[in-house]
Amino acid sequence: MSRDGKSGWTRLALSIAVVGVVTLALWLFRGRIRESGGVEDQDITVICASCGHSFGSSIEGMADLVTAAQAKGFKQVGSGISAPVAVCPACGKPAVYRASRCPQCGKPVLFTSAEVDGKRVKPECRACGWKSAGQASPPGTGR
């Protein structure tokens, strides 16, 4: 075999090795994004201002909940920044809002004031009794 033929095989082997290393690096990097709460699988915690039922959902799942609520005639769901984001699966009311963590016990609480049946509901923890002192969100949430 000529010297040129040998270097062709060497280049091919090196190319395959480089592609393998790059593929492995991308696969590992993607795993780290998931572990760190990357956008693709980040859960959003929500809570019902009426009954207190809380649950987590992906961004895509929340979009599906808004679409389903609007299809059932709940036009206010997802209609603005202060509007509810879903209909509660526990009580059936359009009163599900984004949640924050209670500064005392860490349980989900309303992120901001909400409206249920025409009445304002302020952030309050049903687990430990913490109540909002008028701020938009619980202290220490960084939001």
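Remarks
- Surrounding net charge for residue 128, when Lys and Arg each add one and Asp and Glu each subtract one, Cβ distance under 15 Å: +3
- In terms of distances greater than 24 angstrom between alpha carbons, the cross-link table entries 72/131; 93/131; 72/119 yield 72/131.
- Radius 9 Å from Cβ of residue 84, net charge of other residues (Lys, Arg +1; Asp, Glu -1): 0
- Förster radius 25 Å - calculated FRET efficiency between residue 60 and residue 82, Cβ distance, rounded to 0.05: 0.65
- With a cut-off of 11 Å between beta carbons, the residues surrounding residue 57 carry a summed charge of -2, where Lys and Arg count +1 and Asp and Glu -1.
Where a number appears in this text, it was derived from the coordinates with a stated rule and is not lab data. Since we're looking at a predicted model, the values are computed, not measured. Cβ atoms come from the backbone with ideal geometry, glycine included; neighbour counts cover every protein chain shown.
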